[in-house]
Amino acid sequence: MKPIGLYIHIPFCSGKCPYCDFYSVKTNESVYDEYTEQLINKIRSLRGKYRTDTVYFGGGTPSLLGTERLCRLLDAACESFGKAEEVTVEVNPESAPALDFSKLAAHGLNRVSMGLQSSDDRELALLGRRHTAEQAAYAVGLIKKGGISNISLDLMLGIGEQTQSSLEKSIDFCAELEAAHISAYILKIEEGTLYYRRKDTLPLPDEDSVCDLYELAVKRLEERGYRQYEISNFAKPGFESRHNLKYWRCEEYLGLGAAAHSFIGGRRFYCTRSLEDFYRDVTADDGEGGGKDEYIALALRLTEGLVFDRYEKRFGEPVPQSVINSAQQLLPTKLIRITDEGISLTVKGFLCSNAVISSLL
């Protein structure tokens, strides 16, 4: 049985960040209990059907469940699907101190992803974050003290009041905390968020400035020893997110919880953004997945790009000549590279990846 990834969505937050479009609700301890029980029952009902080598608790803010509930979920996943090699829980700096990381590590947790976003307290306030840089540093210390050294920190690019200098300081802040992995996402204004309603008045940098910030981030992170392996993800050697690589390589994963998505047996399906629908096991079909075009598009998000041998092994035929011809036509733009091994995007190509990938397909 080939191992798959397991994603568990914890849709609870103490408050909604103004830029966030992920499904989350503000609720109480009794709902945490009920949701945990429902997840455990679902996991146990699938015992032996899958084997997982990565587990990822995302949200929302999974750390709000607390140590005991998370340990029960970790145990249920291990008992039903086997011991995973990479087990990640997302935390926020203000909620992390409530967790016992030593106990969580004893139950299989070995990676923590923290939503830092910036080390500049003014930028954090404009983002609506409920922590300071000092609290983030304290939380990282607690995680390390609990025996977990594989820590990923999120940064956000193109946010209000951000400058090249403040971004460099945020990157250096992460490096000095010895983060093993850093995600650097460009802020995207999503419909339905508070930021979307205020988009015309937000003090955000213009498009050219955002591009400059992205290129600076790539350069500075490389100088600090972080290798870029995906458009927005950088890691010390050997610390790439194995779970997220499954998404970009079109490998199978099972999503459990409200709003969780799955890709199993060539089909994509998901639970709607509703606790009640999750409790009633209601899922929606999202069509076929893992086809040739989708595979190419996702592969080109990675710095390794579209590897010819890997594509041929998966589909039993070489990469279409039309794709190679289109890539060759783009060479003068310096947005793309072509080698004997495959096709990949440059840093500038990543900045307009949707357009580049569309032109190839």
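When GLU215 is tested against (1) in a helix (DSSP H, G or I); (2) acidic (Asp, Glu); (3) more than 30 Å from ALA139 (Cβ to Cβ), only condition (3) is not met.
Listed by first and then second residue, the pairs with beta-carbon distance under 6 Å, at least 6 apart or on different chains, first residue in segment 294-320 and farther than 15 Å from THR346 by Cβ and not assigned by TED's automatic domain parsing to the domain that holds GLY349, second assigned to a helix (DSSP H, G or I) and not aromatic (Phe, Trp, Tyr), are ALA297/ILE357.
With a cut-off of at least 3 residues that are closer than 30 Å to SER165 by Cβ and at pLDDT below 95, name the helices (runs of 4 or more DSSP H) lying wholly within segment 10-128. Give the derivation first.
On the way: elements: 29-45, 66-81, 101-106, 121-126.
Helices (runs of 4 or more DSSP H) meeting the threshold: 121-126.
Within segment 301-313, the set of residues being of a type outside the set (A, V, I, L, M, F, W, C), more than 15 Å from SER359 (Cα to Cα) and surrounded by 14 or more Cβ atoms within 10 Å (Cβ to Cβ) comprises THR303, GLU304, GLY305, ARG310, TYR311.
Scan segment 328-361 for residues that are modelled with pLDDT under 95 and closer than 17 Å to LYS292 by Cβ and the total you get is 5. The lone criterion from (1) in contact (Cβ under 8 Å) with a residue 60 or more places away in the chain; (2) buried (at least 17 other Cβ atoms within 10 Å of the Cβ) left unmet by ALA175 is number (1).
Screening the candidates ASP121, ASP33 for the property of being under 19 Å from CYS17 (Cβ atoms) and either among the hydroxyl-bearing types (Ser, Thr, Tyr) or out of contact with any Cys (no Cβ under 6 Å at 6 or more places or on another chain) (or both) yields one hit, ASP121.
Quick test for you: out of ILE296, ILE264, ILE231, pick the one residue that is surrounded by fewer than 16 Cβ atoms within 10 Å (Cβ to Cβ), at pLDDT 95 or above and not charged (D, E, K, R). After ruling out the rest, the residue left standing is ILE264. As a summary of the residue check, ILE182 satisfies the conditions (1) farther than 23 Å from TRP248 by Cβ; (2) of a type in the set (A, V, I, L, M); (3) buried (at least 17 other Cβ atoms within 10 Å of the Cβ) except for the one numbered (1). May I ask you to verify whether SER241 is under 21 Å from the mean Cα position of the chain (by Cα), within 16 Å of CYS352 (Cα to Cα) and of a type in the set (Gly, Ala, Ser)? Spelling it out, it is not the case that SER241 is under 21 Å from the mean Cα position of the chain (by Cα), within 16 Å of CYS352 (Cα to Cα) and of a type in the set (Gly, Ala, Ser). Of the residues TYR32, TYR7, TYR50, the single one that is closer than 30 Å to GLY128 by Cβ, hydroxyl-bearing (Ser, Thr, Tyr) and in contact (Cβ under 8 Å) with a residue 40 or more places away in the chain is TYR7.
The values are calculated or read from the model by the stated rules, or taken from the named source; none is laboratory data. From a predicted model like this one, the values you see are computed outputs, not experimental measurements. Note: ideal-geometry Cβ built from the backbone for every residue, glycine included; neighbour counts use all protein chains shown.
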